[in-house]
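Worksheet: one structure, shown below.
The values are calculated or read from the model by the stated rules, or taken from the named source; none is laboratory data. Computed from a predicted structure; not experimentally measured. Every residue, glycine as well, gets a Cβ built from its backbone with ideal geometry; the counts of neighbours run over all protein chains shown. Ligands, DNA and RNA are stripped out before the accessible areas are found, and what is left, the full protein with its side chains, is counted by its heavy atoms. Shrake-Rupley method; radii C 1.70, N 1.55, O 1.52, S 1.80 Å.
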Amino acid sequence: MESIYLIGFMGSGKTTVAHELAKRCGAAVQDTDRMVEINYELSIKEIFAAFGEDTFRAYEHQMLINTNPANTIVSTGGGIIESQQNINWLSTHQVIYLKTSWSEIVRRLQHDKNRPIWNDQTKDKLALLNAREEKYLQASKYVIQTDEKNPKEIANEIVRLIRINK
Ligand code: S3P
């Protein structure tokens, strides 16, 4: 099986859905955020604080292009599409955009303290979501609306989608 990449804004459920989907496909799971943390031995929060976003993006790119090409469900960071190079790379792969509304994202992330971009008070996160929408669409083959669906339902939907389009 060709690896499947899940993209979408923070709080869209990529990590949870990746595990549900992996169970159904008998696939492994990789997570570009966790790969960065393991490889560079620092948390995402520490990397942002010590070196800034550009360094994080460079690390993230390296992890993305080193993900398994087969038998893996890859969960990516919400900003993976901030690089045109990543968009180009993703658009040649099996990519699913988990699309989530702003109100649902706010509901899910209201108590989050670990995401540097979400917790950056100088950033307009709604504007960021709107600006990223086009990039998620460019990078993806399929779009799945996640509002009012649980991770199991989303994983089932992805399995159906991939079977139909085989
Ligand atoms: C980011 C999203 C995060 C993580 C980093 C930057 C972003 O991943 O990669 O904090 O720019 O949206 P999640 O989408 O898993 O929260």
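A DSSP coil position with no more than 12 other Cβ atoms inside 10 Å describes the following GluC sites (Glu not before Pro) in the range 27-96: GLU41. Once the chain from ALA49 to HIS111 is taken as fully extended at 0.36 nm per residue, the excess over their C-alpha distance is 20.3 nm.
Suppose every K and R has +1 on its Cβ and every D and E has -1 on its Cβ; what is the size of the dipole of the chain about the Cα centre, in Debye to the nearest 20?
560 debye
Using every pair of distinct Cα positions in the range 1-75, the Kirkwood expression returns a hydrodynamic radius of 12.9 angstrom. For the chain, what % of the accessible area comes from carbon and sulfur atoms, probe 1.4 Å? Solvent-exposed carbon and sulfur of the chain make up 51 percent of the total.
Using θ = phi - 60° in the Karplus curve 6.51 cos²θ - 1.76 cosθ + 1.60, the 3J(HN,Hα) couplings for the range 129-137 round to 4, 5, 5, 7, 3, 4, 6, 4, 5 Hz; x is entered for Gly and Pro.
Take the range 1-154 with all the other protein chains still there, run a 1.4 Å probe, and you get 49 Å² of accessible area per residue. Treating each Cα of the range 47-153 as an identical point scatterer and summing with the Debye formula, the log10 of I(q)/I(0) at q = 0.13 Å⁻¹ comes to -0.54. For trypsin sites (Lys or Arg not before Pro), the sites in the range 51-142 that DSSP calls loop and that have at most 14 other Cβ atoms within 10 Å are LYS113, LYS123. The GluC sites (Glu not before Pro) of the range 98-166 that DSSP puts in a loop, and whose beta carbon has at most 10 other beta carbons within 10 Å, are GLU148.
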